[in-house]
Amino acid sequence: MVKKILYRGAEAEIFLSKYMGKTVVQKRRIKKVYRIGEIDEILIASRTKEEAKLIAESRTHGVSVPIIYDVDLARGIITMEYLAGKRVKDILNSLDETERKLICQKIGENIAHLHNNDIIHGDITTSNMIYLDNRIHFIDFGLGCKNGEMEAKGVDLHVLMEAFESTHSKYSHCFMYVFEGYKKQFHGDASAVMKKIDDIVRRGRYR
Amino acid sequence: MICLGIEGTAHSIGVGLIKDVNKTCKVLSNLIKTYQPKKGGIHPREAANHHAAYIADLIRDSVQKAKVDFGDIDLIAFSQGPGLGPCLRTAATAARALALTLQKPIMGVNHCVAHLEIGRGTVRGCTDPVLLYVSGANTQVIAFAEGKYRVFGETLDIGIGNCLDKFGRAIDLEFPCGPKIEALAKKGVHYLPLPYSIKGMDIAFSGLLTAAESYVSKGQSLEDVCYSIQETTFAMLTEVTERAMAHTEKQEVLLGGGVASNRRLREMVQIMATDRGAKFFVPSRDVCVDNGAMIAWLGFLMYQNGQRMNIDESVIDQRFRTDMVEVCWRG
């Protein structure tokens with residue numbers, strides 16, 4: 001069948017496809033010829049497997065993610081639910097401040113649910129969130145992992161903070177809304193995570 | 001307009017003269033002297049002493065080579081940061097002395113942004129690139145977004161050049177170790193797995209460095225370890241650059257910094273660019289490494305677009321971040 005390409009990212013291609021009569025999304029990791037096979041094959045298989053596991057597990061903790069239908073490790077393909085919503089990246093700047101605050105708080109609450117279960121997303125940016133049916137769905141766990149350390153949680157949030165500064169620079173204060181939501185739902189010491197974020201910022205070059 | 005630029009952020013002191021021709025940069029001269037420590041890495045004070053010893057000759061020779069008179073120079077630019085304090089101060093002092101003597105305006109510029117702008121100024125077709133800036137201290141993926149040069153990804157610990165130098169020092173190579181590691185890597189055949197550490201668009205090298213050193217102490221061949229270091233670190237660099245290109249939807253990639261001289265890194269980034277249907281650029285070697293011409297060119301762009309700097313504002317900033325620069329010259 002003809003597959004429609006939805007998005008070509010740095011690492012994977014996202015296709016619209018059919019699976020048992022349903023419209024689905026297929027994420028296929030692209031073989032990177034710039035890397036030697038020894039590195040590429042290990043990365044593709046391990047990232048595909050880890051991603052599918054993390055998505056499935058996040059769902060059991062009440063975080064909205066696509067439903068996984070099939071995983072093909074050899075070819076690096078995950079077949080999953082198609083979420084016909086909008087990327088948060090594309091809508092955030094045009095919302096009014098109240099809505100923006102609400103969405104950001106929801107983002108934070110969801111990240112807290114992930115972190116309560118030691119799920120590190122690895123690439124929390126607003127491009128990796130789909131807004132649909134009044135819910136924020138998290139996609140692309142391709143750089144994710146399981147890690148209970150404060151450091152990992154701090155780094156995870158720091159990626160989002162940077163995304164706010166580069167992509168939504170007028171609304172970079174919104175990261176504080178995210179953190180409010182995070183604080184509300186996080187079971188551990190949220191201020192310790194914030195301290196970690198400050199550490200990470202300072203550890204960066206020329207801070 | 002003719003601008004003289006002085007670069008002195010780390011181990012190199014450079015003086016270059018440029019002239020703008022149809023909005024592109026014509027390099028009139030570009031001389032560089034590099035401090036070479038006998039042992040270990042850069043000692044900031046000794047590097048600064050080295051720079052102080054050569055700066056006057058470099059200025060004179062550079063002006064002579066450019067075939068201009070001192071009176072023809074319209075602007076003095078210098079590297080204001082980021083970099084090693086003593087080195088920055090030496091270059092800035094020379095720039096102030098020159099500006100005051102010639103009674104010409106002075107302009108301090110950001111070294112990282114200069115690496116990007118010299119690509120746009122000297123490489124035909126390079127207009128809006130994602131820059132992979134790889135040097136000893138710096139490893140950043142920079143692109144223009146929402147009115148500023150923003151760092152989309154960078155090292156969370158040490159620069160790639162620093163990583164290579166540290167490893168090189170552990171196996172008794174002379175500074176700079178990058179070219180020697182490159183030569184050894186060419187003879188490597190077996191890939192030894194090393195940590196591949198990417199967080200979002202940021203990277204980290206220190207774990208890899210420790211793992212590589214432990215391979216050496218376990219008796220693995222230096223060629224194989226060097227090969228594995230290059231393949232792993234450069235794959236990480238190429239991957240984050242590609243991520244930044246996808247994220248910013250830009251169709252050009254530019255290499256800059258000393259490590260951009262590495263053939264394998266160039267090859268990897270070029271393959272990535274070709275695969276994405278994007279253009280790949282590397283400036284010629286003399287403007288790709290730390291040099292005075294790139295400082296002169298950025299100084300010119302800033303001055304041309306209305307920026308001015310008084311002598312008392314020409315204080316150096318060791319931690320001058322890329323995203324602190326007000327980019328007045330790009331719409």
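To keep it simple, each residue is scored yes or no on (1) aliphatic (A, V, I, L, M); (2) closer than 16 Å to A:N128 by Cβ.
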{"position": "A:V25", "(1), (2)": "yes, yes"}
{"position": "A:A45", "(1), (2)": "yes, no"}
{"position": "A:T79", "(1), (2)": "no, no"}
{"position": "A:K89", "(1), (2)": "no, yes"}
{"position": "A:L92", "(1), (2)": "yes, yes"}
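Residues of segment B:103-161 that are among the aromatic types (F, W, Y) and facing chain A (nearest Cβ under 8 Å): B:F152 alone. When restricted to residues that are within 16 Å of the chain's Cα centre (by Cα) and small (G, A, S), segment A:147-173 contains 3. For segment A:47-64, filtered to residues that are among the polar types (S, T, N, Q) and either more than 22 Å from A:R135 (Cβ to Cβ) or in a helix (DSSP H, G or I) (or both), the residue that is farthest from the other protein chains (Cβ to nearest Cβ) is A:T60.
Answer yes if at least one residue in segment B:101-113 is surrounded by fewer than 22 Cβ atoms within 10 Å (Cβ to Cβ) and touching a His at 6+ places or on another chain (Cβ under 6 Å), and no otherwise. Within segment B:101-113, not a single residue is surrounded by fewer than 22 Cβ atoms within 10 Å (Cβ to Cβ) and touching a His at 6+ places or on another chain (Cβ under 6 Å). On inspection, B:D323 qualifies as assigned to a helix (DSSP H, G or I), within 14 Å of chain A (Cβ to nearest Cβ) and within 21 Å of B:V151 (Cβ to Cβ). Only residues that are outside any loop (DSSP other than H, G, I, E, B) and within 15 Å of the chain's Cα centre (by Cα) were counted across segment B:150-174, and they come to 6.
Every residue, every condition in (1) touching a residue at least 24 places away in the same chain (Cβ under 8 Å); (2) over 20 Å from B:S228 (Cβ atoms); (3) among the aliphatic types (A, V, I, L, M), yes or no:
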residue: A:E13; (1), (2), (3): no, yes, no
residue: A:V24; (1), (2), (3): yes, yes, yes
residue: A:R35; (1), (2), (3): no, no, no
residue: A:E38; (1), (2), (3): no, no, no
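If the condition is being over 19 Å from B:E154 (Cα atoms) and of a type in the set (K, R), then segment B:305-324 contributes only B:R308.
Among the residues of segment B:8-15, are any out of contact with any His (no Cβ under 9 Å at 6 or more places or on another chain), assigned to a strand (DSSP E or B) and not aliphatic (A, V, I, L, M)? Within segment B:8-15, one or more residues are out of contact with any His (no Cβ under 9 Å at 6 or more places or on another chain), assigned to a strand (DSSP E or B) and not aliphatic (A, V, I, L, M). Please determine whether any residue of segment B:156-175 is in contact with a helix residue (DSSP H, G or I) (Cβ under 9 Å, 6 or more places away or on another chain), within 23 Å of B:Q318 (Cα to Cα) and β-branched (V, I, T). Within segment B:156-175 (the criterion being in contact with a helix residue (DSSP H, G or I) (Cβ under 9 Å, 6 or more places away or on another chain), within 23 Å of B:Q318 (Cα to Cα) and β-branched (V, I, T)), the answer is yes, since at least one residue qualifies. Only one entry of A:D123, A:D96 meets the criterion of being closer than 23 Å to A:R202 by Cα, modelled with pLDDT under 95 and assigned by TED's automatic domain parsing to the domain that holds A:A190, and that entry is A:D123. Taken together, the residues in segment A:173-203 that are within 9 Å of chain B (Cβ to nearest Cβ) and either surrounded by 15 or more Cβ atoms within 10 Å (Cβ to Cβ) or modelled with pLDDT of 90 or more (or both) amount to 1.
Could you tell me whether segment A:141-153 includes any residue that is farther than 19 Å from A:C104 by Cβ, within 14 Å of chain B (Cβ to nearest Cβ) and at pLDDT 95 or above? No, every residue in segment A:141-153 fails to be farther than 19 Å from A:C104 by Cβ, within 14 Å of chain B (Cβ to nearest Cβ) and at pLDDT 95 or above.
Against the list (1) farther than 30 Å from B:H51 by Cα; (2) in contact (Cβ under 8 Å) with a residue 60 or more places away in the chain; (3) buried (at least 19 other Cβ atoms within 10 Å of the Cβ), the condition B:K279 fails is (3).
Listed by position, the helices (runs of 4 or more DSSP H) contained in segment B:175-278 that have at least 3 residues being of a type in the set (G, A, S) and at the interface with chain A (Cβ under 10 Å from one of its Cβ atoms) are B:222-248. Once segment B:38-94 is narrowed to residues that are within 22 Å of B:V113 (Cα to Cα), among the hydroxyl-bearing types (S, T, Y) and more than 14 Å from every other protein chain (Cβ to nearest Cβ), the residue that is surrounded by the most Cβ atoms within 10 Å (Cβ to Cβ) is B:T90.
The values are calculated or read from the model by the stated rules, or taken from the named source; none is laboratory data. Everything quoted here is computed from the prediction, not taken from an experiment. Backbone-built Cβ (ideal geometry, glycine too); neighbour counts: all protein chains shown.
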